[in-house]
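What follows is a set of notes on a single structure, which appears directly below.
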Amino acid sequence: KPFSEPKVSMQNSAIHFNPLALKFFSLGHRSFTANLLWIETLIKSDLSHYASRDLNNWMYLRFYNISYLYPKFKEVYIFGGQYLAIIKDDPLAAVALLKKGFQIFPEDYQINFLLGFIYYYELKNNKNALTYLDKIKFYPEAPYFLPSLTAKIKAHQNQKEDALLILQEAYNKAPEGSFIKDFYAQKIEKLKNN
């Protein structure tokens, strides 16, 4: 039989650099070095889940280094956060990375949405989810159901009046005769009757 090379996971074989050393050795070309690391990370990305919740996921460490070198590299937060949450099944690492991005881009719709989504669906933390979703519920790019989800979270936190105000505003903003207007009319009626 021909010799076959043993398979070693990226988690065990990835090389990690100290962020300060990496910054020093980039010799003033931090964005260039960050882009090279980004490309190399995407090429070597793997599909294996990371079960430990210790922020030692090789991809999180790599994304962290990229964001340390070039903090305004928005794609590392958005795509890195999604990759960590969905593919690597590491929502804590995704939140840590996205929060770092939130410090740089606090008004960014995608970063707020991803943080809210991960807190709500993955970590079951309604309070933290509300922090981000409430902020963007009426952004132009927000899906029609986002105000409803925000109102639902508020209602579960005994903030029924606030929830009704959100639903009413969404109803008022919906186009006349649309299914969205009907959707919100039903939500308002249901919440009033509960």
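Checking the table Lys99/Lys160; Lys135/Lys187; Lys72/Lys137; Lys74/Lys192; Lys100/Lys173 against a 31 Å threshold on Cα-Cα, which pairs fail?
In this structure, Lys74/Lys192; Lys100/Lys173 lie more than 31 Å apart at Cα.
Send over a whole-number figure in Å² for the accessible area per residue of segment 90-175, probe 1.4 Å.
So segment 90-175 comes to 49 Å² accessible per residue, rounded to a whole number.
Specify the angular offset, from 0 to 90 degrees and rounded to the nearest 10, of the alpha carbon long axis of helix 58-69 from the longest principal axis of the alpha carbons in the chain.
So the helix axis and the longest Cα principal axis differ by about 90 degrees.
I want to check the label-to-label distance for Phe17 and Leu36. Put each point 7 Å from Cα in the C-beta direction and report it in nm to one decimal.
Between Phe17 and Leu36, the label points sit 0.7 nm apart.
Using a simple spin-label model with points 7 Å from Cα along the Cα→Cβ vector, what separation in nm is obtained for Asp182 and Phe79?
So the label points at Asp182 and Phe79 sit 4.0 nm apart.
Based on DSSP H runs of at least 4 residues, each adding -39500 (n - 2.57), what is the mean residue ellipticity at 222 nm of the chain after dividing by all its residues, to the nearest 500 deg cm²/dmol?
My calculation for the chain gives -19000 deg cm²/dmol from helical runs alone.
What share of Cα pairs, in percent, lie more than 22 angstrom apart in the chain?
56 percent
With a 1.4 Å probe and every protein chain kept in, tell me what percent of the accessible surface of the chain is carbon plus sulfur.
58 percent
Once both axes come from the Cα atoms, what is the angle between helix 91-104 and the longest principal axis of the chain, in degrees from 0 to 90, rounded to 10?
Long axis of 91-104 versus the principal axis of the chain: about 80 degrees.
With charges only on Cβ, +1 for K and R and -1 for D and E, what is the dipole size of segment 40-109 about its Cα centre, in debye, rounded to 20?
Dipole magnitude for segment 40-109 comes out near 140 debye.
To the nearest 10 degrees, how steeply does helix 126-136 sit against the main Cα axis of the chain, on a 0 to 90 scale?
So the helix axis and the longest Cα principal axis differ by about 80 degrees.
Given charges of +1 on the Cβ of Lys and Arg and -1 on the Cβ of Asp and Glu, with all other atoms neutral, how large is the dipole of the chain about its Cα centre, in debye to the nearest 20?
260 debye
Starting from 0.36 nm per residue, how many nanometres of slack lie between Lys124 and His29 once their C-alpha separation is accounted for?
Here the answer is 30.1 nm.
The values are calculated or read from the model by the stated rules, or taken from the named source; none is laboratory data. Remember, predicted model here, so these are calculated numbers, not experimental data. Please note: Cβ atoms are built from the backbone with ideal geometry, for glycine as well, and neighbour counts cover all protein chains shown. For the accessible areas, the whole protein counts, side chains as well, though only heavy atoms, and no ligand, DNA or RNA atoms are used. Shrake-Rupley method; radii C 1.70, N 1.55, O 1.52, S 1.80 Å.
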